[in-house]
Structures are given as C-alpha cells and as structure tokens.
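Below is one structure, written out as structure tokens; the observations come after it.
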Amino acid sequence: MRLRRRFAQVLMLTLTGYMSMSGPLAAQTRILVHGHRGARALRPENTLPAFEYAIAQGVDVLEMDMAVTKDNVIVISHDPMLRAPVCTGPRNNVVIHTLTLAEVRQWACGEVRNPLFPKQQPVPGTRMPTLDDVFQLVSRGTFEYNIETKSFPEKPEYTPPPDEFARMVLEKIRRYKLEKRVILQSFDFRTLVSMRKLAPEIRLSALTSTDKRDFAAITADAARAEIISPEFHLVTPAKVEAAHKAGLQVVPWTADTEANWDRLIEAKVDAIITDDPASLIAYLKKKGLR
C-alpha cells in the first residue's frame, strides 16, 4: 500500500512539472541557442571576446559574418565597411575589401560601447578577428559555427565573386576539419549554390528578412538548404510545422526578449539566434527545454 501511494505521489509530481512547462514537452525537449555575432548584448560584436564569452555560457552555435580584405583574408565583420561605433580608427565608412589585413587592424573594434546595447562591455585593444582566429577556438567545446557570407549583388566591389567567396571559405573549413561543425548561411543564395556544388556535405542555411513564402519554397531557391533562417516575425506555427514536414530546420533571428522567445518556443522552432545567449540559455532551462 505504501509503495503504491509513493508511486502515485511521484507520478503526480511528474505530471505537475510537465504541465507547468510551456509547450508540449513530448514534442520538443531542446532548443539550440546561436550566439548572434558572438554575444553582442554583452561584448563587442563579432570579436574574440564575444565568442569566448558565448562559449563560456554554453552556447550551442557561434553565429558570425564574413568579409574579405584586399589581400584575400577572410575577416569577421557584419558590415562590409569599417565604421563607428563598431570599429573606430583613422577614417569612417571605409570598405574592408579595399584594405589589407594589416590596414584593417589599424581600427579598434571593441573600445566603444554600442549604444543599442547598454550592457555591452567594451574591450579596449580588440581588433577584427580572421576566420582562422575564430576556427582556432574549436578545441574549447563542442559548439558549431554558423558563418555568413556577406555578399551584395548590387555592390560587387564589396566582396569576391560568389564562387570565389565560397571556395575561400571551404578551404578554411577543410583546413580545420570542420565540415561537420559548420553551417554556411547567406541572404545571397548565389554563395549557397556555389558551396553546394563544391561541397555537398556542408549544411546550408537560407537567410530571409522579408520573403513571406512558405519556408520550403525559399530553400528551394537556395540550393535546397537544410535550414531556413527567417527574421523572427516571419515565423508562425503553421510555417514551422510545414517546414518540419519538408525536412527543414527553422532557426529564426534575432530574438532578445522573453515575449519573443515564448512566441518562438510555441511555434516549435529548432533554434533561436539571439544577442544575449546567456539569458536565453537560462530561460530555456527554466522551461525544461535544455
């Protein structure tokens, strides 16, 4: 009798715990966290301090952007130009592709707090990292890399041609043997098409900010990418369900508040790209989703 009563108590506690969690636990047990530009809410974006901070917080994926210097070095930068407040130096609004790496490193990319992120901690002396620098962090954990080719069809002078850009990135991926730990994402689907031809094993992610079509239709135009990465307002439960039925993962960007996280959790996305990965990780733990 005591044993049956104890079993009933444990069962009731378990069910109560399940009911307190938002979303159907059986259908969703974990949501991955991508640190947007590392963790730009807390550290200077796209810098080694940001990536190191995100790794220390337990991020699943480091999200970042790539540009290319005049001497063909892949560097980590969201903008194709050096400009304040992200990077400060001899001049403002200078195209990275017109400078050598040595010249780019005359700019400081961590001394000024971005006013959009009041909790961001400046890191004086920080310079723009190369893709090599970031790939050399690989031994610090089991995290993955979500790397974006910043390519601009209307501004071809900003970057190498898509085929060349993809080839340069693939050479680095293979040098560090990261084929299974890298996702290549882009708004410029030409680079995804090029990478698919060069290395079918590399996972691709189609970025979109305004396309309201079904997610599978978008990825069909992006070399049949395995991942769709929409601006988070484009996400609905119906679109996510349809994407999952089509074999796609849904990884929206960039959500930074609990209200928006709840919206994406309810939609059953696979991962969330956020500027504040530590806070999202803590929030997901409270929800039983990590």
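The values are calculated or read from the model by the stated rules, or taken from the named source; none is laboratory data. As the structure is a computational prediction, the values presented were derived from the model and not from experiment. Glycine gets a Cβ as well: all are built from the backbone with ideal geometry, and neighbour counts include every protein chain shown.
Here are some notes:
- A single member of Q57, Q9 is under 24 Å from the mean Cα position of the chain (by Cα) and either modelled with pLDDT of 55 or more or surrounded by fewer than 21 Cβ atoms within 10 Å (Cβ to Cβ) (or both), and it is Q57.
- Filter pass, A108 being of a type in the set (A, V, I, L, M, F, W, C) and either surrounded by fewer than 16 Cβ atoms within 10 Å (Cβ to Cβ) or at pLDDT below 95 (or both): no
- Within region 193-225, considering residues that are charged (D, E, K, R) and assigned to a helix (DSSP H, G or I), the one surrounded by the fewest Cβ atoms within 10 Å (Cβ to Cβ): K197
- Residue match in region 165-181 (condition: in contact with a strand residue (DSSP E or B) (Cβ under 6 Å, 6 or more places away or on another chain) and assigned to a loop (DSSP other than H, G, I, E, B)): yes
- Hey, I272 within 27 Å of R224 (Cα to Cα) and touching a Lys or Arg at 6+ places or on another chain (Cβ under 7 Å) or not: no
- Annotation: of all residues in region 75-97 being more than 19 Å from R40 (Cβ to Cβ) and touching an Asp or Glu at 6+ places or on another chain (Cβ under 8 Å), the one that is surrounded by the most Cβ atoms within 10 Å (Cβ to Cβ) is H97.
- Every condition in (1) more than 19 Å from I273 (Cα to Cα); (2) surrounded by 15 or more Cβ atoms within 10 Å (Cβ to Cβ) holds for I228 except the one numbered (1).
- In the set (1) buried (at least 17 other Cβ atoms within 10 Å of the Cβ); (2) touching a Pro at 6+ places or on another chain (Cβ under 9 Å), the condition left unmet by R113 is number (1).
- Within region 250-285, the set of residues being acidic (D, E) and either buried (at least 18 other Cβ atoms within 10 Å of the Cβ) or touching a residue at least 40 places away in the same chain (Cβ under 8 Å) (or both) comprises D256, D262, E266, D270, D275, D276.
- The set of residues in region 123-164 being among the aromatic types (F, W, Y) and in contact with a Leu (Cβ under 7 Å, 6 or more places away or on another chain) consists of F135, F143, Y145.
- Against the test of being on the phi > 0 side of the Ramachandran plot and either touching a residue at least 40 places away in the same chain (Cβ under 8 Å) or of a type in the set (V, I, T) (or both), the options G247, G288 yield a single qualifying residue, G288.
- Enumerated helices (runs of 4 or more DSSP H) restricted to region 24-139, each holding at least 1 residues that are closer than 21 Å to T254 by Cβ: 48-57, 131-135
- Conditions (1) touching a residue at least 60 places away in the same chain (Cβ under 8 Å); (2) crowded, with 17+ Cβ neighbours inside 10 Å; (3) farther than 26 Å from R105 by Cβ; number of the one not met by F165: (3)
- Test: residue in region 230-240 that is farther than 19 Å from K268 by Cα and outside any helix (DSSP H, G or I): no
- Some residue of region 172-183 being touching a residue at least 60 places away in the same chain (Cβ under 8 Å), surrounded by fewer than 17 Cβ atoms within 10 Å (Cβ to Cβ) and either hydroxyl-bearing (S, T, Y) or in contact with a helix residue (DSSP H, G or I) (Cβ under 8 Å, 6 or more places away or on another chain) (or both): no
- Qualifying residue in region 135-142 (condition: exposed (fewer than 15 other Cβ atoms within 10 Å of the Cβ) and under 23 Å from T69 (Cα atoms)): yes
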